[in-house]
Amino acid sequence: IRALEVYELSGKTFSELGKQRIPDERFRLIFLFLDREELYQNINLRVDEMIKKGLIEETQQLLKKYPVNSQSMKAIGYRETIDFLNNQYESKDDYIDTLKKNTRHFAKRQIIWSRRYKEAMRIDMAEKGESDILLTLEKLFASCISS
């Protein structure tokens with residue numbers, strides 16, 4: 001509906017308008033990147049940790065307070081867990097594998113989305129240590145404040 005409204009008002013599609021985007025000089029975009037393999041490994045470990053720390057139980061408690069069709073329950077993690085609670089997976093391992101896969105796909109879409117911002121500063125976290133990254137960011141913020 002929003003896309004139709006934009007087209008009706010402007011005569012242009014979202015993608016056409018996106019190509020005409022002018023960066024806002026008031027803001028500085030910074031993207032921190034990891035090697036894809038390392039990113040996916042971190043996602044897999046994080047999902048395992050979320051399960052271990054009670055994602056399933058948390059979801060059960062939230063379902064007592066909020067409707068299953070509420071927007072927040074459609075988020076990655078809750079959506080798969082609700083399906084698991086409704087016996088939509090053949091096993092717990094199948095549920096966990098699907099949650100990991102969907103989270104990795106989401107991360108990939110974020111990476112693709114970030115490419116449209118040519119003006120963004122990109123920091124490869126594999127090339128720099130944490131202290132170097134923090135120092136780079138501190139210098140950047142200090143220069144923004146002084147300008």
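The values are calculated or read from the model by the stated rules, or taken from the named source; none is laboratory data. Because the structure is predicted, anything quoted here is derived from the model rather than measured. Every residue, glycine among them, receives a Cβ derived from its backbone with ideal geometry; neighbour counts consider all protein chains shown. The accessibility values were calculated without ligands, DNA or RNA, using every heavy atom of the protein model including side chains. Shrake-Rupley method; radii C 1.70, N 1.55, O 1.52, S 1.80 Å.
With Cβ to Cβ distances under 14 Å as the rule, what net charge do the other residues near residue 124 carry (K, R +1; D, E -1)? Summing Lys/Arg as +1 and Asp/Glu as -1 gives -3.
Using the crude model of +1 on Lys and Arg Cβ and -1 on Asp and Glu Cβ, and no other charge, please compute the dipole size for the chain relative to its Cα centre, in debye to 20.
Numbers: 26 positive and 24 negative charges, 105 e Å.
Its charge dipole is roughly 500 debye.
The stretch 116-145 and the stretch 37-104 have Cα centres separated by 32 Å.
Between the beta carbons of residue 112 and residue 6, assuming R0 = 35 Å, the FRET efficiency works out to 0.95 to the nearest 0.05.
For the listed residue pairs 52/92; 19/118; 53/108; 64/108, the alpha carbons are over 21 angstrom apart in 53/108; 64/108.
Could you name the lysines whose alpha carbon sits less than 19 Å from that of residue 65, not counting residues in the same chain fewer than 8 places away? Straight-distance partners of residue 65: 74.
For residue 74, the shell of other residues with beta-carbons less than 14 Å away shows a net charge of -1, using +1 for Lys and Arg and -1 for Asp and Glu. The accessible surface of the chain, taken with every protein chain in place and a 1.4 Å probe, is 53 percent carbon and sulfur.
Computed over protein heavy atoms with a 1.4 Å probe, the accessible surface of the stretch 1-98 works out to 78 Å² per residue. With both labels modelled 7 Å from their Cα along Cα-to-Cβ, the residue 72 to residue 14 distance reads 2.5 nm.
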